[in-house]
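> The structure follows.
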Amino acid sequence: MKKIEISAYGAPEEVARCVAAPDVGEPAPGEVVFDVLAFPINPADISFCRGNYRLRPPLPTTPGAEGIGRVAAVGSGVTQIKPGDLVINMQRENWAQRRRVRKEDAIPIPSDIDLAQAAMLRINPATALLLLEDHVAQKLGDWVIQDVANSAVGRHVIVLAKARGVRTINVVRRDDVTAELRDLGADVVLKDGPDLAERAHAATAGAPIRLGIDAVSGETCRRIADCVADGGVVVSYGSMSGQDPAVSRAALTRGVTLTGFGLSYGLEKRTNAQVRALYAELAAKVRDGVLKAPIDAFYPIEEIRAALIRAQQGGRNGKVLVLPNGPL
């Protein structure tokens with residue numbers, strides 16, 4: 001069996017290696033064994049390899065927050081999952097050819113789903129859904145503003161908000177993505193800049209923006225907060241700038257609240273049944289093509305270095321996916 005291992009924290013393309021590892025073995029009672037068909041390289045995985053992520057396990061360790069697998073075997077007592085089923089894994093260390101997990105951590109998804117899209121199901125769609133659901137009680141016609149709107153999470157926010165009748169202002173760094181985001185359902189697309197608040201207020205004709213979503217932090221977060229109405233909420237779920245989130249004193253005096261978001265914490269508020277229902281809903285949207293993320297390139301697991309280099313390059317057209325067990 002092959003898996004990706006890091007024995008030091010540092011530049012991902014330098015510290016991640018494809019190594020031979022013992023097979024995971026047969027499932028014990030209550031366990032599931034599955035072959036990993038595909039996994040994406042997410043910004044959180046890059047931070048994990050660098051040692052900047054909130055989790056920093058002892059080394060050596062295997063990265064990988066998500067992926068799609070096909071069940072190879074199940075242990076006694078496992079009745080809701082059978083060999084041949086597709087599953088996503090709620091645990092980490094998925095940059096490997098095969099995994100063995102508790103049945104509670106393996107969530108079955110529809111067999112007719114696009115495998116590449118399913119590999120990206122666990123993190124980004126759920127993040128977008130919880131960002132919209134867990135912070136502001138939104139009504140029909142409400143406005144939300146987000147940066148990094150061209151990311152996978154940003155695209156999902158546009159689609160999910162549109163379905164709820166919530167309007168979106170989408171902040172981007174490149175003009176060439178505007179048409180594509182509008183095709184997804186974006187109501188307004190604005191290029192980031194120092195006068196963002198004025199342009200955002202003009203775009204809504206003065207209607208309040210009660211929720212701001214930030215994945216850049218630093219001064220970009222400050223500008224998002226300045227767009228949010230009195231008493232509104234800014235949710236910071238990432239730091240592409242590498243800086244801490246910032247909020248102006250003027251925004252604070254208007255009662256704007258800054259809060260953080262982590263998917264694991266959002267899911268922990270829900271029961272196991274609620275989590276499975278959440279992913280069943282999202283999987284159906286992915287299967288039906290409602291939620292779809294662009295893919296830039298596929299790599300075999302042996303070419304992890306090249307895959308990591310590509311995943312860190314600007315100007316990509318979507319996610320980089322790795323296929324541990326050959327073509328899909």
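Read-outs: derived from the displayed coordinates by stated rules, not from any lab. Remember, it's a predicted structure, so these values are computed and weren't measured experimentally. All Cβ positions, glycine included, derive from the backbone under ideal geometry; neighbour counts span all protein chains shown.
> Just for the chain, what percent of DSSP beta bridges are antiparallel, to the closest 5?
Numbers: 27 of 53 bridges.
Taking every DSSP beta bridge with both residues in the chain, the antiparallel ones total about 50 percent.
> I'd like the distance separating the alpha-carbon centroids of the stretch 191-268 and the stretch 119-163, in whole Å.
Result: 14 Å between the Cα centres.
> Can you give the three extents of the C-alpha atoms in the chain along their principal axes, from longest to shortest, in whole Å?
Principal-axis extents of the chain (Cα, largest first): 61, 41, 34 Å.
> Another question, if that's okay. Using the per-residue mean of other Cβ atoms lying within 10 Å as a proxy for protection, in what order, highest first, do the peptides 63-69, 307-313, 166-172 fall?
On the way: 63-69: 26.7, 307-313: 18.0, 166-172: 24.6.
Taking the mean over residues of other Cβ atoms within 10 Å, the ranking is 63-69, 166-172, 307-313.
> Pick out which of 273, 284, 202 has the largest mean-square fluctuation in a Gaussian network model of the chain, springs linking Cα atoms closer than 10 Å.
Comparing 273, 284, 202 in a Gaussian network model of the chain, the most mobile one is 273.
> Per residue of the stretch 103-116, what does 6.51 cos²θ - 1.76 cosθ + 1.60 with θ = phi - 60° give for ³J(HN,Hα)? Whole Hz please, x for Gly and Pro, Karplus curve as stated.
Rounded to whole hertz, the list is 4, 5, 8, 9, 9, x, 10, x, 6, 9, 7, 5, 5, 5.
> With a point put 7 Å past each Cα toward its Cβ, work out how far residue 271 is from residue 112 in nm, to one decimal.
3.0 nm
> Something else now. Could I have the simple spin-label model distance between residue 175 and residue 52, label points 7 Å from Cα toward Cβ, reported in nm to one decimal?
Using points 7 Å along Cα→Cβ, the separation is 3.0 nm.
> Give the peptides 30-43, 136-149 in descending order of average Cβ contacts within 10 Å, highest first.
Details: 30-43: 22.9, 136-149: 20.0.
Packing proxy ranking, top to bottom: 30-43, 136-149.
> Here's a follow-up. Just want the answer: with Cβ charges of +1 for Lys and Arg and -1 for Asp and Glu, which residue in 248, 277, 237 is farthest toward the dipole's positive end in the stretch 237-295?
So the residue furthest toward the plus end is 277.
> What is the set of long-range amide H partners of residue 172 at a cut-off below 5 Å, with H atoms built 1.01 Å from backbone N?
Under 5 Å from the amide H of residue 172 lie the amide H atoms of 190, 191, 192, each far enough along the sequence or on another chain.
> What is the gain in length, in nm to one decimal, between residue 248 and residue 19 on full extension, counting 0.36 nm per residue of separation less the C-alpha to C-alpha distance?
Working: separation 229, 0.36 × 229 = 82.44 nm, distance 4.79 nm.
The residue 248-residue 19 span can extend by a further 77.6 nm.
> Same structure again: Relative contact order of the chain: what whole-number percent is it, with Cα pairs under 8 angstrom and at least 6 residues apart? Provide the component values of the computation, followed by the final result.
On the way: 728 pairs, mean separation 59.1, N = 328.
Rounded, it is 18 percent for the chain.
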